[in-house]
Amino acid sequence: MANFTVPEENYYTKDHEWASVDENMCTVGVTEYAQDSLGEVVYVELPETGQKVTQGEPFGVVESVKAVSDLVSPVSGTVVEVNDSVMENPGIINDDAMNDGWLVRIEMDSEKELANLMRAPDYRKMIGNK
Amino acid sequence: MKSTPLKAEHEAAHAKMVEFAGWYMPVEYLSAETGSAGGIRSEHMHVREKVGLFDVSHMGEIRVRGERALETLQWLTTNDVTKLSNGCAQYSLLPNEKGGVVDDIIVYCVESGRDYLVCVNAANAEKDWAWFQSHNRGADLKNESADWGQVAVQGPRAVELVNRIFTGVAAVPPFHFMPVHFDRALCFAARTGYTGEDGFEIFVPSAQVTKLWRELLSRGSDLEARPIGLGARDTLRTEMKYSLYGHEIDDTTNPYAAGLGWVVKPDAKDFIGKDVMLAQKPAGLKEKLVGFCMVDKGIPRNGYRVLGIDNREIGRVTSGTVSPTLNKSIGIAYVHSDFSPVGSEILIDIRGRGAKARVTATPFVQTALTKKKEN
């Protein structure tokens, strides 16, 4: 089993999204582990800017050749930016899930919600990283 | 979970293994050099352009022999088994009493009238075996599923490859097979497949399957032969609009609706549920299995609703994917016959959004095999 990159500074969901927080802005993507289990991503559906999202609720989907997978929002807030290049070229998620493959930026309603997310050591344990 | 004799080969080739119909099977192979996904799409194109090997040892095999073998198969299947001479293969259905389909199968005639090998779906192997036993008309039945491994060799270079190991098989016509020997064991090399490409499905005893697999890879290295997973097997068959049991057909399917009327021969013989199936034929013709391409964005999936332009429900998606050959979203669906002509505009309910699609001619992709058939 491969070891996946799990940056220390990020937050993680049990549904394999990562969240990178800068003050009240939260950048969201799927983890290295998620892209690997999905296989080639061929389609991404994301919300439009201005849309409200809720922690723990689906806000979009990623589809591989074989499977459909919901994207679950790590935080509640308002979508302020969407990565259009990922919608045009979903393969970016496979190439660089943790950077260029980011999906949306969310203006958070409350930083307190971050306490419900996992930190890197727990996420590593969950996916069986050594 | 069951595994085929080739499990160790798959793991050594960095396969991503998944559970399929109770079997531990390779869904795709990772490229050893990068450790990243080689990917279903590249495996798919490899079969369309070169040659791929599929481990299909999970498929079931039922042997039907004896004086009453023909009579039993005539009763159990919809197609006319009397048409088969030695070395012929025939696509067919196992009908149930309600006019539905227990399984779709291929009947291989080893010895006309008294010896047939029936290849059945892995997911249905146990159900089919029980069905054969309870509907037997005096044949000598044997479940040979564990005895046989099976390797499918498919693609434009497949015949050249298989002919290197089994000299002379290149002369075997489509839907025929030849008994051959490998490692002193009797095998059947059948000119059949599930990809739309030319090639063979080789029935080989379980004890010899690993040796044959390795031999095919080594003798085929200059042809770029490589293993292909079940993921690409599914996209390849979807591009050809070949039915997959559990998707396009099941216990309730009317074969006429599924476009499988050509393997139902009610004038030639009696078979299980024949009267019911014929009585349902007019209703079956009111819906049709069609292929469609997405006009709007989105990927159709099994179970999605098909809507008319007025949002009325007119059918159901049975299979869908992104076609690696066409690089666009394609699907298969049952629709009301008013919407079945090529060019009809339909909507696919993708998570509550009515995404536009258009009924298209199938197969979605032309291959050497489909072109050959037209001539």
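Output the residues belonging to region B:298-342 that are within 14 Å of chain A (Cβ to nearest Cβ) and loosely packed, with under 14 Cβ neighbours inside 10 Å.
Quick first cut of region B:298-342, residues within 14 Å of chain A (Cβ to nearest Cβ) only: B:298-304, B:317, B:319-331.
Of everything in region B:298-342, those that are within 14 Å of chain A (Cβ to nearest Cβ) and loosely packed, with under 14 Cβ neighbours inside 10 Å turn out to be B:GLY303, B:LEU326, B:ASN327, B:LYS328.
Pull up region A:42-65, narrow it to residues that are of a type in the set (Val, Ile, Thr) and closer than 20 Å to B:ASP296 by Cβ, then point me to the one that is surrounded by the fewest Cβ atoms within 10 Å (Cβ to Cβ). Write out each step before concluding.
Step one: list which residues in region A:42-65 are of a type in the set (Val, Ile, Thr), which gives A:42, A:44, A:49, A:53-54, A:61-62, A:65.
Filter again for closer than 20 Å to B:ASP296 by Cβ, leaving A:42, A:44, A:61-62, A:65.
Numbers: A:VAL42: 23, A:VAL44: 23, A:VAL61: 17, A:VAL62: 24, A:VAL65: 25.
By that ranking, first place goes to A:VAL61.
Taking the criterion of being part of a strand (DSSP E or B) and at pLDDT below 95, would at least one residue in region B:329-350 satisfy it? Give the derivation first.
Our first condition is that a residue be part of a strand (DSSP E or B); within region B:329-350, this holds for B:329-336, B:345-350.
When the remaining residues are screened for being at pLDDT below 95, the result is none.
No - not one qualifying residue is present in region B:329-350.
Do you know which residues across region A:66-81 are surrounded by 19 or more Cβ atoms within 10 Å (Cβ to Cβ), in contact with a strand residue (DSSP E or B) (Cβ under 6 Å, 6 or more places away or on another chain) and free of Cβ contacts under 8 Å to residues at least 40 places away in the same chain?
Listed by number, the list holds a single entry, A:VAL79.
Could you list all residues from region B:277-316 that are among the aliphatic types (A, V, I, L, M) and closer than 16 Å to B:PRO255 by Cα?
Kept after step one, since they are among the aliphatic types (A, V, I, L, M), are these residues of region B:277-316: B:277-279, B:283, B:285, B:289-290, B:294-295, B:299, B:306-307, B:309, B:314.
Selection gives B:MET277, B:LEU278, B:ALA279, B:ALA283, B:LEU285, B:LEU289, B:VAL290.
Can you find even one residue in region B:25-38 that is touching a residue at least 24 places away in the same chain (Cβ under 8 Å) and more than 14 Å from every other protein chain (Cβ to nearest Cβ)?
So in region B:25-38, the residues touching a residue at least 24 places away in the same chain (Cβ under 8 Å) come out as B:25-29.
Okay, now just the ones that are also more than 14 Å from every other protein chain (Cβ to nearest Cβ), so none.
Looking through region B:25-38, none of the residues is touching a residue at least 24 places away in the same chain (Cβ under 8 Å) and more than 14 Å from every other protein chain (Cβ to nearest Cβ).
Counting only residues that are assigned to a loop (DSSP other than H, G, I, E, B) and touching a residue at least 24 places away in the same chain (Cβ under 8 Å), which one in region A:17-35 is surrounded by the fewest Cβ atoms within 10 Å (Cβ to Cβ)? Please lay out each step first, then the result.
Of all residues in region A:17-35, those assigned to a loop (DSSP other than H, G, I, E, B) come to A:23-24, A:31.
Keeping just the survivors that are touching a residue at least 24 places away in the same chain (Cβ under 8 Å) gives A:24, A:31.
Values: A:ASN24: 13, A:THR31: 23.
The selected residue is A:ASN24.
Could you tell me whether region A:36-44 includes any residue that is touching a helix residue (DSSP H, G or I) at 6+ places or on another chain (Cβ under 9 Å) and touching a residue at least 60 places away in the same chain (Cβ under 8 Å)?
No, there is no match, as no residue in region A:36-44 is touching a helix residue (DSSP H, G or I) at 6+ places or on another chain (Cβ under 9 Å) and touching a residue at least 60 places away in the same chain (Cβ under 8 Å).
Looking at B:GLY320, B:GLY261, B:GLY273, which one is of a type in the set (Gly, Ala, Ser) and free of Cβ contacts under 8 Å to residues at least 40 places away in the same chain? Working first, answer last.
Working: B:GLY320 fails: free of Cβ contacts under 8 Å to residues at least 40 places away in the same chain; B:GLY273 fails: free of Cβ contacts under 8 Å to residues at least 40 places away in the same chain.
B:GLY261 is the lone residue from the list that is of a type in the set (Gly, Ala, Ser) and free of Cβ contacts under 8 Å to residues at least 40 places away in the same chain.
When you go through (1) in contact with a strand residue (DSSP E or B) (Cβ under 6 Å, 6 or more places away or on another chain); (2) farther than 16 Å from B:ARG65 by Cα one by one for B:LYS127, which number turns out not to apply?
Tallying (1) in contact with a strand residue (DSSP E or B) (Cβ under 6 Å, 6 or more places away or on another chain); (2) farther than 16 Å from B:ARG65 by Cα, B:LYS127 fails exactly one: (1).
Would you be able to tell me the number of residues in region B:343-375 that are of a type in the set (A, V, I, L, M) and within 14 Å of another protein chain (Cβ to nearest Cβ)?
Of region B:343-375, the ones of a type in the set (A, V, I, L, M) are B:346-348, B:350, B:355, B:357, B:359, B:361, B:365, B:368-369.
Add one more test, that the residue is within 14 Å of another protein chain (Cβ to nearest Cβ), and what stays is B:348, B:350, B:355.
Residues flagged as of a type in the set (A, V, I, L, M) and within 14 Å of another protein chain (Cβ to nearest Cβ) within region B:343-375 amount to 3.
Take region B:194-242 and flag every residue that is part of a helix (DSSP H, G or I), polar (S, T, N, Q) and away from every other protein chain (no Cβ under 14 Å).
Within region B:194-242, B:SER206, B:GLN208, B:THR210, B:SER218, B:SER221 qualify.
This table checks each residue for (1) closer than 30 Å to B:GLY315 by Cα; (2) modelled with pLDDT under 95; (3) not assigned by TED's automatic domain parsing to the domain that holds B:THR167.
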site: B:ALA185; (1), (2), (3): no, no, yes
site: B:TRP213; (1), (2), (3): no, no, no
site: B:ALA225; (1), (2), (3): no, no, no
site: B:ALA232; (1), (2), (3): yes, no, no
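Given (1) out of contact with any Leu (no Cβ under 8 Å at 6 or more places or on another chain); (2) within 13 Å of chain B (Cβ to nearest Cβ), where does A:THR27 come up short, assuming only one miss?
So the condition that A:THR27 fails would be (2).
The values are calculated or read from the model by the stated rules, or taken from the named source; none is laboratory data. As the structure is a prediction and not an experimental result, all values here were calculated from the model. Neighbour counts run over all protein chains shown; Cβ positions are idealised from the backbone, glycine included.
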